[in-house]
Each structure stands twice: as C-alpha cells, then as structure tokens.
Amino acid sequence: MSTFKSLGLDENLLQAVTDMGFESPSEVQEKTIPILLDRETDMVSLAQTGTGKTAAFGFPMLQKINVDSRTTQGLILSPTRELCLQITNEMNNYGKYMKGLNITAVYGGASITDQARQIKRGSQIIVATPGRMKDMIGRGMIDISKIEYCVLDEADEMLNMGFYEDISEILSHSPKDKSTWLFSATMPKEVASIAKKFMHTPVEITIGSKNVGSENVSHEYYLVNARDRYLALKRLADANPDIFSVIFCRTKRDTQKVAEQLITDGYNAAALHGDLSQNQRDLVMKSFRTRQIQMLVATDVAARGIDVDDITHVINYQLPDEIETYTHRSGRTGRAGKSGVSMVIVSKSELRKIKAIEKIIQKKFEQKDIPSGMEICEVQLFHLANSIKNTEINHEIDAYLPNINEVLSDFSKEELIKKVFSVEFTRFYNYYKKSKDLNTAAGDPSQGDSKDSVRYFINIGGKDDFNWMSLKDFLRDLLQLGQDDVYKVDVKDSFSFFNTDAKHQDLVLSIFNDFKLDGRTISVEISKDSGGRSRKKGRRRGGDGDFKKGGGRGKGGFNKGGRSSDDKPKFKGKSRRRSEKPNAKGTGGRRRRG
Ligand code: ADP
Ligand code: MG
C-alpha cells in the first residue's frame, strides 16, 4: 500500500497530512496525485462522495503553485457556497506550512468588495462558485488570465444546478494552455460533453463503477400508508437514539412542514431549503455541523452543499422525482470509510421506484418493518442504561449528597434504578403502549412475525464496527447456522437485536452463556418484544398521533455524553454520539450546552 510520501508530496505537505491524521491515501488520491504532480495534463476523475477528492486535487495544486508569486495560479470552481468554504478550509489545512500561501473564497451572499480586496492582496488560489466568479470577472475584480490549474469540482452538481453557461464564460477568460482537472461523483452525458469541450485528451480515472453508491451504505425501505409517513419517520428516529441524519423531502413546503412538526414534537430538527436567507442557511449548517441539530430536513438542491461526515442515516421521507437523485442523497452517509444507512419511506404506489433505483445503484434494498412501540421502548431503555453507565460523574453533586440521600433513604438500589428509569421510560411507554402497527400489509409477512421466532438483545453494535450485514455474518459463523437462520438483525450504536427461530434458542443462549470477544463479555438476552412485532397486537387504536414532547422530567435530564469518546478503544467507549431524548423538548442537554 502506498503512503502519502511515496506519492511524491513535499515535506511541508506531509507534515500537514500527519497533523490531520490521514494515515494512508484513499484510492482516488493514490491514483491522481502522482499523475498530477508528474505531468501537465488534463484529467477527469470520477469517484463517489466522501472518497477524498479535495485532497486529490488540493495537494498537487498546492505543490505546483509558486507561493512566492502573488499571481493567481489556481482556480477551483465548486457548486455551492458551503462547498466553496469547505474546500478553502481544507486547502488551508493542507497548506498550513506553506509560508505566504493565500487562498480566497469567492461566493455570493457576502461582501463583494471584501472579496475583491482579499484577491488584490495576492491570492495564488481562488475557490469560487460560478455565479459570483463570473460577476467579479465581469467587473474586472479578478484576473484569471495567468492561471495554470483549473479544477471543476463536483462537476455533475454544478451542471445540475445550471452553471454550464457561467462555467463557459469564466473559462473563456482563462489561458488555453492551462491544465483542467474535473472531479465528479457521476458521469452524466453533460459532464462528458463539458470534458470534451474544455479539455484536451484528459487522463481518465474511475474509482468503483460509475453511478454506483458507496460500498458502505445499506439501503432499506419501509412500506407504509402515505398518511402515516410522518409517524413512521418519528418511529425511525425513536428507534435510533443516536441518529444524526438528513431527511429529504420533495418540496420546500414539505421540508418546512416536516421540520416544524419535528421541532414541535421535541426533536432537535431544522429545515434547510432555498426560501431561507443565506444567513439562516449558514446558521442551520453550523448547528448541524456541531450536532446541535440531529435531524436536518432538506430539499435536494439545498442539501447539495452538505459535506458532513458521520451522518448515520439518510431518510428519504419522499422519493425524489428523478430517481438518479437518490444516489446523491444516499451518498451523504457512509462517508470517509464509515458505514451508513439510507432509509426510504414508501407507499405502495411508489414500490416500482425502488426496483428502478436498485438498477441504478446496483444494490438490493432490504424491506424492513417500522419498529413497534414496544421495540422502541426497549431500545430506549437499553440506550438509557448505556448512557448512565457512560456518564461521567459530576462531583459538584457531592456536596448535596447527604441531603439527597436523606430524601431517597427509603429505597433500595433496585427501587432507585426502577425510579430513575421510569423518569425516562414512562413517557415513551405511555406514548407507545397503544400505538398501532404502521406497516402496510403488502408483501409476505416476514419470518420474524411467527410466534416460533425469538428476538434477542446483544450488547454489541455499531460502536464495535458492526453493521447489520457483518453482525449477521458474525452470528451465523459463530452459531454455525444457515443463510436465513439469523434475521431481523437491527444494529444500534452500542447494542443490537436479532431473531432466530425458536428451535435455535437453546443453542444461542448456550453459546453466549460465557462468551468473550477481545476479552469483553458479550451477553445475549431474550428481548421482551420477542415473537416479533405482532401485527395483531398492534391493531389497536390510538397512539402515535397525539404525541407531543416530554412529559416526564422536563428540564435537566441525564448527561448524554459528549463526543469525547470517539477515540476510546473498541468495546469500552461510551456511546459515540450524543444521545438525546428523541422527544422531550428542553431535555436535550446538547441544545443548551452547545
Ligand atoms: P469528496 O470530495 O470525495 O466527497 P472530501 O474531499 O470532502 O470527499 O473528503 C471527505 C472526508 O474525508 C473529509 O473529512 C476529509 O478530510 C477526509 N479525508 C480525505 N482524505 C483522507 C485520507 N487519506 N484519510 C483520512 N481521511 C481523509
Ligand atoms: Mg468534494
């Protein structure tokens, strides 16, 4: 395997690589960097989102420019202001040991005179959105007549957004003999035609197959009645307490509506769409980046700029009109080597779209059931137990302990635990105990619904680098069972659930009676919701519809663990992301702390 050094990077860039903690180059970096360093050539490079394309062009450009000159030598065009700022930021990190380096971001919605002033001081590299760039060239504020390198980043998205004319206009002001490097996740014919028009025999590099989504993303769909869409969304969020997600809607109006409803119901949510001012959008993105917001509801266009790692779930609240857009949506998760889930909430009439998408992404969807109320309660309980376990004790409390002890002196430890849990749990329980089954009866009832099926809880999960596929494989190997004998594998952050037929129950329990993985005891218990979410049981009335945020404990609440544990050794850390009460407004520690 190659190293950044073997790719030919200079010492000062290598130092920055080390500082950023990049251990080895990604595939696209491995393939592009040596060529771009070595030759003056045009290039078309296709690789999925999250594969490290910025560094693939960023390092060669930085190494090739002359920082002692104040002439603008490199131009990077990118589709949105968000991306433009991200690239600038990333490039500044790469070039932090290059004395005299000056990179200017040029984008709409900010002072044009400030940007012009910055460029006048001598920017070797300009990172720009096409609209503002064209504007500034027109006003004589930017001179790109001497650039040697031009990057068209996220070319497919730039064209999607209608920047073809602007790009043509901008490039007509640049020298013919520059090198043009085009980077894109997909290669629609518009991109091919741009390559043809603006480039000379470019080197072509394709990582993975074109149009295919990230390896790390699994795709799931949930079949519900169209009118239950919102309730289904809430259940999916409640069943994944650590969710950090982008939720896609088709229109600005729906985006706004869903976000407002989620906020009313106590979730840390916000909307991102084109009717917001640039300022408002920046604010939303900032809160999302810092995890103040756990669920970002967005339109496709507005979400184009989102480049946030660690997104756990993409939820397609509605499928996009153009099914090709699905790839862009699901590509928001599973970035930088992490795994992610793309969920689709569909009604029966949309099912054929799932088939069409499977063809495009060349992957199969898994049909899953919307979790039952009891399943959610169980998830929340275990999640709470884990949060308590991993909470660092605040010793400010010590002084009050004698008085607190006195108040609680009548209770045994067991009673106290029950009470503490009830604070949190009762709210979920009361809400969900009468909840109905949201799954429409289409399709064959899956195995898990039979009463001969047993559901188990196991104390390993995403935190231990499992996803549903790898956990299923792990269990099958261990239990020596066949392909379909372990099913309904549902991985949460620090624990998971799975089913087997009842006849395997003794085997499962005996194997896990005293089982260690890397020295840690792995325990398996039969889940209370065993036997599956019974559809019959679920057919009661009431539930879901009227749930408003937190009764329960109001303000305060448990410490939900910060992000400090990301680097803890496997099997030890507390839950990786902050974990919030999904529905208790005001209880979300993060909101107030942030
Ligand atoms: P793309 O443009 O292909 O969508 P980015 O360039 O935005 O991807 O990179 C995605 C993330 O991966 C960024 O956070 C970046 O810092 C990180 N990254 C890039 N290269 C590496 C590497 N070699 N090792 C680890 N992380 C990397
Ligand atoms: Mg990129």
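The values are calculated or read from the model by the stated rules, or taken from the named source; none is laboratory data. Note that the coordinates shown come from a computational prediction; the quantities given were computed from them, not determined experimentally. Here Cβ is always computed from backbone atoms with ideal geometry, including for glycine, and neighbour counts include all displayed protein chains. Side chains are part of the model used for accessible areas, which takes the heavy atoms of the whole protein and leaves out ligands, DNA and RNA. Shrake-Rupley method; radii C 1.70, N 1.55, O 1.52, S 1.80 Å.
Worth pointing out:
- Yes/no for GLY122 being under 21 Å from PHE198 (Cβ atoms), more than 16 Å from ligand 1 (Cβ to nearest atom) and surrounded by fewer than 24 Cβ atoms within 10 Å (Cβ to Cβ): no
- Comparison of ASN12, ASN66 shows that the only residue that is part of a loop (DSSP other than H, G, I, E, B) and away from ligand 2 (no atom under 16 Å from the Cβ) is ASN66.
- Criterion applied to ILE370, ILE360, ILE323, ILE345 was being more than 16 Å from ligand 1 (Cβ to nearest atom), surrounded by fewer than 22 Cβ atoms within 10 Å (Cβ to Cβ) and under 28 Å from ASP484 (Cα atoms), and the one residue passing it is ILE360.
- Condition check for GLY50: under 25 Å from LYS197 (Cα atoms) and within 16 Å of ligand 2 (Cβ to nearest atom): no
- The range 69-102: number of residues that are outside any helix (DSSP H, G or I) and of a type in the set (S, T, N, Q): 7
- Of all residues in the range 283-302, those that are assigned to a helix (DSSP H, G or I) and touching a residue at least 60 places away in the same chain (Cβ under 8 Å) total 3.
- For ILE388, the requirement of being without any contact (Cβ under 8 Å) to a residue 24 or more places away in the chain and within 22 Å of LYS418 (Cα to Cα) is not met.
- Among the residues of the range 378-392, none qualifies, meaning not one is polar (S, T, N, Q) and over 21 Å from PRO241 (Cα atoms).
- Of the criteria (1) within 22 Å of THR129 (Cβ to Cβ); (2) within 16 Å of ligand 2 (Cβ to nearest atom); (3) at pLDDT below 95, which one PHE22 fails: (1)
- Unique match (being closer than 27 Å to ALA385 by Cα and either touching a Lys or Arg at 6+ places or on another chain (Cβ under 8 Å) or at pLDDT below 85 (or both)) among GLY482, GLY462: GLY462
- PHE457 being farther than 17 Å from ASP369 by Cα, in a strand (DSSP E or B) and at pLDDT 90 or above: yes
- Test: GLY58 is small (Gly, Ala, Ser) and over 28 Å from LEU283 (Cβ atoms): no
- When the residues of the range 1-16 are filtered to those that are out of contact with any helix residue (DSSP H, G or I) (no Cβ under 7 Å at 6 or more places or on another chain) and touching a residue at least 24 places away in the same chain (Cβ under 8 Å), the one that is farthest from GLY52 (Cα to Cα) is ASN12.
- Lone qualifier among SER26, SER6 - being surrounded by fewer than 24 Cβ atoms within 10 Å (Cβ to Cβ), among the polar types (S, T, N, Q) and within 12 Å of ligand 1 (Cβ to nearest atom): SER26
- Test: residue in the range 71-83 that is of a type in the set (Lys, Arg), within 16 Å of ligand 1 (Cβ to nearest atom) and either touching a residue at least 12 places away in the same chain (Cβ under 8 Å) or within 25 Å of GLU165 (Cα to Cα) (or both): yes
- Checked against the criterion of being under 17 Å from the mean Cα position of the chain (by Cα), within 27 Å of PRO25 (Cβ to Cβ) and at pLDDT 85 or above, the candidates SER339, SER330 yield just one match: SER330.
- Members of the range 241-259 that are in contact (Cβ under 8 Å) with a residue 12 or more places away in the chain and open to solvent by 20 Å² or more (accessible area, probe 1.4 Å): ARG250, THR251, LYS252, ASP254, GLN256
- Within the range 292-311, considering residues that are open to solvent by 20 Å² or more (accessible area, probe 1.4 Å) and farther than 13 Å from ARG329 by Cβ, the one farthest from ligand 1 (Cβ to nearest atom): GLN292
- For the range 156-200, filtering for residues that are in a loop (DSSP other than H, G, I, E, B), open to solvent by 70 Å² or more (accessible area, probe 1.4 Å) and either over 23 Å from GLN63 (Cα atoms) or within 16 Å of ligand 1 (Cβ to nearest atom) (or both) leaves 2.
- Scan of the range 84-141 for residues that are without any contact (Cβ under 8 Å) to a residue 12 or more places away in the chain and within 16 Å of ligand 2 (Cβ to nearest atom), ordered by number: ASN89, ASN92
- Residue match in the range 49-61 (condition: more than 14 Å from ligand 1 (Cβ to nearest atom), part of a loop (DSSP other than H, G, I, E, B) and of a type in the set (Val, Ile, Thr)): no
- Residue check, LYS31 open to solvent by 10 Å² or more (accessible area, probe 1.4 Å) and either in contact with a strand residue (DSSP E or B) (Cβ under 9 Å, 6 or more places away or on another chain) or more than 14 Å from ligand 1 (Cβ to nearest atom) (or both): yes
- Test: residue in the range 143-155 that is assigned to a helix (DSSP H, G or I), within 15 Å of ligand 2 (Cβ to nearest atom) and either surrounded by 19 or more Cβ atoms within 10 Å (Cβ to Cβ) or at positive phi (or both): yes
- Scan the range 78-127 for residues that are more than 21 Å from MET20 (Cβ to Cβ) and of a type in the set (A, V, I, L, M, F, W, C) and the total you get is 6.
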